[in-house]
1. Just checking my list [x] 16, 56, 28, 1; [y] 15, 39, 27, 12, 6, 1; [z] 15, 45, 31, 8, 1 against P(r) over Cα pairs in 10 Å bins from 0, in percent computed from this structure; which label fits?
2. Would you be so kind as to identify all helices of the chain, as entire DSSP H runs, whose Cα atoms reach 15 Å or more along the helix's own axis and whose mean Kyte-Doolittle hydropathy is at least 1.6?
3. Using a 1.4 Å probe and ignoring any ligands, DNA or RNA, find the accessible area of Trp74 and quote it in Å² to the nearest 10.
4. Report the calculated FRET efficiency for Ile44 and Ala20 (r = Cβ-Cβ distance, R0 = 35 Å), to the nearest 0.05.
5. Just flag the chymotrypsin sites (Phe, Trp or Tyr not before Pro) in segment 1-43 sitting in loop per DSSP whose Cβ has no more than 16 other Cβ atoms within 10 Å.
6. Which net charge results when you count Lys and Arg as +1 and Asp and Glu as -1 among the other residues whose beta-carbon is under 15 Å from that of Leu63?
7. In Å and on Cα atoms, what radius of gyration and Dmax does segment 41-98 show?
8. Along Cα→Cβ, 7 Å out, is where each label goes; now give me the distance between the ones at Leu63 and Ile4 in nm to one decimal.
Amino acid sequence: MITIIGIPFGIATMRLGILALWPFGSHVVDQPQDTGCLSLFMNILWFFVGGFWIALTHLGFGLLLCITIVGIPWGKMHFRLMWLTLAPFGKEIVNNDF
């Protein structure tokens with residue numbers, strides 16, 4: 001987040017980190033596309049810079065956790081995080097606990 005170009009990527013990474021710490025009770029929804037094709041460009045750049053590898057990590061942890069019955073809820077959360085890490089821009093995390 002030191003550079004101007006890195007700020008949106010840093011914010012997206014922080015959002016993913018917060019969702020990883022408190023995954024239950026929150027949902028990911030699409031934001032209205034008021035930024036035009038900027039979010040599409042940022043998602044493509046994110047995918048090639050590191051989003052693909054982060055998604056593979058969540059896929060692996062999700063499969064590993066779904067081996068046991070106790071781990072299935074956490075495995076499902078990793079699968080949800082996997083889809084979010086493929087394209088985090090244009091998404092919003094809504095907390096339903098309140």
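1. [z]
2. Details: long enough: 6-21 (22 Å, 1.58); 52-65 (20 Å, 1.81); 72-86 (21 Å, 0.43).
Span-like helices here: 52-65.
3. Here the accessible area works out near 130 Å².
4. Details: r = 23 Å, r/R0 = 0.66.
So, using R0 = 35 Å, E works out to roughly 0.95.
5. Numbers: sites: Phe9, Phe24, Phe41; in loops: Phe24.
Sparse-neighbourhood loop chymotrypsin sites (Phe, Trp or Tyr not before Pro): Phe24.
6. Values: positive: Lys76, Arg80; negative: none.
Here the count lands on +2.
7. 13.0, 39
8. Distance between the two pseudo-spin positions: 4.3 nm.
The values are calculated or read from the model by the stated rules, or taken from the named source; none is laboratory data. Computed from a predicted model, the values in this text were never measured in an experiment. Cβ: placed from backbone, ideal geometry, glycine included. Neighbour counts: every protein chain shown. The protein model used for the area step is the full one, side chains on, heavy atoms only, and it has no ligands, DNA or RNA in it. Shrake-Rupley method; radii C 1.70, N 1.55, O 1.52, S 1.80 Å.
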